[in-house]
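S.K.: Quick one: the structure is below, and I'll ask about it shortly.
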Amino acid sequence: MENFVYFTPTKIFFGKKEETKIGSILASYGGTKILLHYGKKSVVKSGLLARVKQSLDEHQISYLELAGVEPNPKITLVEKGVQMVKENGIDFILAIGGGSVIDSAKSIAVGACVEHSPWLFSTHEKTPEKAIPVGVILTLAASGSDMSDSCVITNDKTQEKRGFNSPLNRPKFAILNPELTYSVSPYQTACGIVDILMHTLERFISQTASVEPTDSIALALLKSVYQAGKIVMKNPNDYDARATLLWANSLSHNGLTSCGRSFIMSVHQLEHEVSGMFDSVAHGAGLAVLWPAWAMYAYPYAKERFKRLVYEVLEIPASDSLTNDIEKGIQKLKEYFQEIGMPTSLKELNISESDIKKLALNVTYNHTRTLKDVIEIDEEMALKILKLAL
């Protein structure tokens, strides 16, 4: 087990109607002028935004609004938010939505404390030293950004998608009401299921050998999400299954399942290039396509890790050939993705063979990096994985 620091300062308010307490919660954190940050229609149509405003009004907390966050949140909207915060004396940002909204809020929060573009944090040219506090009302079980230290932003001018980690990215609090996820579309629900699985799986199958009890926690999370995902896709209003996904969303990306491990999440890095170049690709859909292809190249170098996945989570019957069982397990997970409505090839995402070479080059940041984890991914290996995923 490697040395580690475990830091999860985000306070969680979990359960039915917890969002109605937002006024008192913000007041307890000293928020006096709030930036309400959200997407486009869903929080308005559902009445959630109106309930939030009512609670803020009751506690005499003023607010401004910045709507329009898109999937793969854009630096142009972030920069608009930074300007609003600076010009209006905003002292707290409330993200209402899923991971894209939260990441956009995080980028605004650090960007409002500097004079340069917050994009320089995403490219690691600058390191944040201060941030406006952020709170979250979560409406989608997927990214785990509500408790994580990560922030991923897309530069819509250069088609680059980049992330950075900082303790300053962790929200002060997050409100998780499973009922707020009932109205999420089947496709976005499935994307979320994949993202939660991958956040755990890419930590579990990494360059570090067995780490108990971290591994046991990871395997339990994987199994519960795998099962709850099937239930939710058939019954979107199953409270317990939605609650399982929502809580697993947070636990999968807050650092719990990586204690004592080294990891770099190679498949996530591959997918960032795909959805950075093709903005219409949902992050979870990209992961569903890429992970099985990556796994076919990676499993010979991490058989003990894959062994536990296929036997303990996917419940593949053991035979006299571990190699065959692992390949059956990879296929079974691919079929699971298909079952919940996810694509399993790049062609289904309207990505053609002519795009593959550019994507492979992008993965290496134009030959300036190699991803070194279970397998080394340079341009040649990236090309192999992308071709298999095609």
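The values are calculated or read from the model by the stated rules, or taken from the named source; none is laboratory data. The structure presented is a predicted model; accordingly, all values stated were derived computationally and were not measured. With ideal geometry, Cβ positions are generated from the backbone for all residues, glycine too; neighbour counts draw on all protein chains shown. Areas reflect the complete protein model, heavy atoms only, side chains present, ligands, DNA and RNA absent. Shrake-Rupley method; radii C 1.70, N 1.55, O 1.52, S 1.80 Å.
S.K.: Select, from 86, 45, the only residue that is open to solvent by 10 Å² or more (accessible area, probe 1.4 Å), at pLDDT below 95 and among the charged types (D, E, K, R).
M.R.: None of the others qualify; the one that does is 45.
S.K.: Looking at region 127-141 only, could you name the residues that are outside any strand (DSSP E or B), in contact with a helix residue (DSSP H, G or I) (Cβ under 6 Å, 6 or more places away or on another chain) and closer than 27 Å to residue 32 by Cβ?
M.R.: Within region 127-141, 128, 131, 132, 139 meet the criteria.
S.K.: With on the phi < 0 side of the Ramachandran plot and touching an Asp or Glu at 6+ places or on another chain (Cβ under 8 Å) as the only criterion, which of 309, 361, 314, 386 stands out?
M.R.: Exactly one residue qualifies, and that residue is 361.
S.K.: Looking at (1) open to solvent by 10 Å² or more (accessible area, probe 1.4 Å); (2) β-branched (Val, Ile, Thr); (3) without any contact (Cβ under 8 Å) to a residue 40 or more places away in the chain, can you tell me which one residue 364 breaks?
M.R.: (1)
S.K.: Further, regarding this structure: Restricting region 1-32 to residues that are within 23 Å of the chain's Cα centre (by Cα) and part of a helix (DSSP H, G or I), which is surrounded by the most Cβ atoms within 10 Å (Cβ to Cβ)?
M.R.: 19
S.K.: Report the residue count in region 344-358 for those that are open to solvent by 10 Å² or more (accessible area, probe 1.4 Å) and not charged (D, E, K, R).
M.R.: Here the count works out to 6.
S.K.: Right, here's the next one. Kindly evaluate residue 68 against the criterion of being at pLDDT 95 or above and part of a loop (DSSP other than H, G, I, E, B). Outline the logic, then answer.
M.R.: Values: at pLDDT 95 or above: yes; part of a loop (DSSP other than H, G, I, E, B): yes.
When the stated conditions are applied, residue 68 passes them.
S.K.: Scan region 228-249 residue by residue and report those that are assigned to a helix (DSSP H, G or I), open to solvent by 20 Å² or more (accessible area, probe 1.4 Å) and either under 21 Å from residue 138 (Cβ atoms) or hydrophobic (A, V, I, L, M, F, W, C) (or both).
M.R.: Result: 231, 233, 239, 240, 244, 247.
S.K.: Moving on to the next point. Checking the conditions here, which among 339, 380 is open to solvent by 100 Å² or more (accessible area, probe 1.4 Å) and either closer than 23 Å to residue 265 by Cβ or among the polar types (S, T, N, Q) (or both)?
M.R.: Checking each option against the conditions leaves just 380.
S.K.: Take the residues of region 71-97 that are in a loop (DSSP other than H, G, I, E, B) and free of Cβ contacts under 8 Å to residues at least 60 places away in the same chain: which is farthest from residue 52 (Cα to Cα)?
M.R.: That would be 89.
S.K.: Within region 263-272, can one find any residue that is open to solvent by 10 Å² or more (accessible area, probe 1.4 Å), assigned to a helix (DSSP H, G or I) and aliphatic (A, V, I, L, M)?
M.R.: No, the conditions are met nowhere in region 263-272.
S.K.: Residues in region 126-141 that are open to solvent by 40 Å² or more (accessible area, probe 1.4 Å) and small (Gly, Ala, Ser): how many?
M.R.: Residues in region 126-141 being open to solvent by 40 Å² or more (accessible area, probe 1.4 Å) and small (Gly, Ala, Ser): 0 in total.
S.K.: Turning to a different aspect of this structure: Would region 278-285 turn up any residue that is open to solvent by 50 Å² or more (accessible area, probe 1.4 Å), under 17 Å from the mean Cα position of the chain (by Cα) and polar (S, T, N, Q)? I'd like the intermediate steps shown before the answer.
M.R.: Here is the first cut: in region 278-285, the ones open to solvent by 50 Å² or more (accessible area, probe 1.4 Å) are 279-280.
Okay, now just the ones that are also under 17 Å from the mean Cα position of the chain (by Cα), so 279-280.
Then keep just the ones that are polar (S, T, N, Q); that gives 280.
Looking for residues that are open to solvent by 50 Å² or more (accessible area, probe 1.4 Å), under 17 Å from the mean Cα position of the chain (by Cα) and polar (S, T, N, Q), one finds at least one in region 278-285, hence yes.
S.K.: Failed condition for residue 63, given (1) farther than 23 Å from residue 246 by Cα; (2) assigned to a helix (DSSP H, G or I); (3) open to solvent by 10 Å² or more (accessible area, probe 1.4 Å), with all others met?
M.R.: (2)
S.K.: Have a look at 152, 184 and point out the one that is touching a residue at least 12 places away in the same chain (Cβ under 8 Å) and either farther than 22 Å from residue 14 by Cβ or among the acidic types (Asp, Glu) (or both).
M.R.: Selected residue: 152, the only one of 152, 184 that is touching a residue at least 12 places away in the same chain (Cβ under 8 Å) and either farther than 22 Å from residue 14 by Cβ or among the acidic types (Asp, Glu) (or both).
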